[in-house]
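The values are calculated or read from the model by the stated rules, or taken from the named source; none is laboratory data. Since we're looking at a predicted model, the values are computed, not measured. Quick reminder, even Gly has a Cβ in these numbers, built from the backbone with ideal geometry, and neighbours come from all protein chains shown. The protein model used for the area step is the full one, side chains on, heavy atoms only, and it has no ligands, DNA or RNA in it. Shrake-Rupley method; radii C 1.70, N 1.55, O 1.52, S 1.80 Å.
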Amino acid sequence: MHSAGKSWLLLTFFLLFYTIYLLFGALVFSSLERPVEEQLHADMSRLKRDFLNVSCVSAAELDAFLLRVLTAKKYGVSALGNNSSSSNWDLTSSMFFANTLVTTVGYGHTTPLSDGGKVFSIFYALLGVPFTMLVLTACVQRLMFPLVLGPVGLLQRSGLDPRPAATVHLVLLMVLVVLLFFVTPAAVFGVVETSWSYLDGFYFCFISLCTIGLGDYVPGMEPEQKYRALYQSAVMVYLFLGLMMMYLLLRTFHKMADLHGLTTFLQLPRCEESDLDEEREPIVEEEPQAPGFCLEKSVDTPSQPTYNTINKG
């Protein structure tokens, strides 16, 4: 089989296994946590009923009631209406939780209720976090040629010197990422989430794609939200693609900083040596050099065009 075909087959296997891994986590989390959640719902119903039946409530009883309500709220169970038809641990919601766990976004809107769920979270993240980084790295490696190396070469062929070409490309890539993964999704979230403003949606995108994950805004949490499963699935795809593009952007910036001598000026480690090793033995094969690609290469550099092969003179 051709090397490019093997490369795409390997990348497809990574993505398929990643999806299966999320689904496996969703099934386990749902089976462990949903019975505990249902019991907590029942406890809240009984607590609310008993509280309403008390004619005269003391300060201590009120404090105890509020403490139990706030504790249940921390685990995603609300005493308001106590609508048990919407679960935080159905299959899709569990998969959404697994996705935020292995991508290190971790909104904290839902946390394991059972000891078994907490133990499983540790081992699931122990394997899932590095595997997610591996999948993201493989995808970014595939995107380096069509989104980074190819456009830089095109700008050079249009007459720009290597350093200005790299700078212009970085600015254009940043604009593209901001438009596709911040501006546009923020507008969508502002429409779908009725309680969110456009600023809230933009804030959510920034907090999520920077993996800060404060959890004050989480999509799909409104009661009786239509197409919740489909919506959460779309958000998972958005998070994966967004993190992939943020990684690509950071890698491009680091390489441009090397080219302009910024890492040397600030006495920071350069990425050239690790990049050369990575390019000799990539996770997936990169695209072959495009006809007419005019980045200058030294004799001992790898055959694939990189930022490291741009003339630094």
**Request:** Can you pull the one-decimal nm distance between simple spin-label points at Ser197 and Leu154, each 7 Å off the Cα toward Cβ?
**Result:** 3.8 nm
**Asked** Any idea how far the Cα center of segment 43-60 sits from the one of segment 123-139, in Å?
**Response** 47 Å
**Asked** Can you give the extra length, in nm with one decimal, that the chain gains between Asp43 and Thr104 once fully stretched, where that is 0.36 nm per residue apart less the Cα-Cα distance?
**Response** 18.8 nm
**Message:** Could you tell me the calculated FRET efficiency between Ala229 and Ser31, based on Cβ-Cβ distance and R0 = 22 angstrom, to the nearest 0.05?
**Reply:** 0.80
**Prompt:** Just the accessible area for Met236, please: 1.4 Å probe, Å², rounded to the nearest 10?
**Reply:** 20 Å²
**Asked** Accessible area, 1.4 Å probe, largest first: how do Thr103, Thr137 sort?
**Response** Thr137, Thr103
**Message:** Using a 1.4 Å probe on the protein heavy atoms only, what accessible surface does Glu37 show? Give it in Å² to the nearest 10.
**Reply:** 0 Å²
**Message:** Under 18 Å from a point placed 7 Å out from the Cα of Tyr75 along the Cα-to-Cβ direction: which residues of segment 1-45 have their backbone N that close?
**Reply:** 28-45
**Request:** Report Ile122's accessible area, 1.4 Å probe, all protein chains in place, as a number in Å² to the nearest 10.
**Result:** 110 Å²
**Asked** So, in nm, how far is label Lys6 from label Thr264 when the simple model puts each one 7 Å beyond its Cα toward the Cβ?
**Response** 3.7 nm
**Message:** Let me check something: with ligands and nucleic acids excluded, how do Asp200, Asp258, Asp115, Asp50 order by accessible area (1.4 Å probe), largest to smallest?
**Reply:** Asp115, Asp50, Asp200, Asp258
**Asked** What spacing in nm lies between the two simple spin-label points modelled at Phe13 and Glu222, each 7 Å away from Cα in the Cβ direction?
**Response** 4.4 nm
**Message:** If you build the convex hull over the alpha carbons only and average its shadow over all orientations, what do you get for segment 93-193? Give it in nm² to one decimal.
**Reply:** 8.8 nm²
**Item:** Candidate residues Arg34, Arg68: accessible-area rank, largest first, probe 1.4 Å
**Value:** Arg68, Arg34
**Message:** Between Ile212 and Val171, what is 0.36 nm times their sequence separation minus the Cα-Cα distance? Round to one decimal in nm.
**Reply:** 12.4 nm
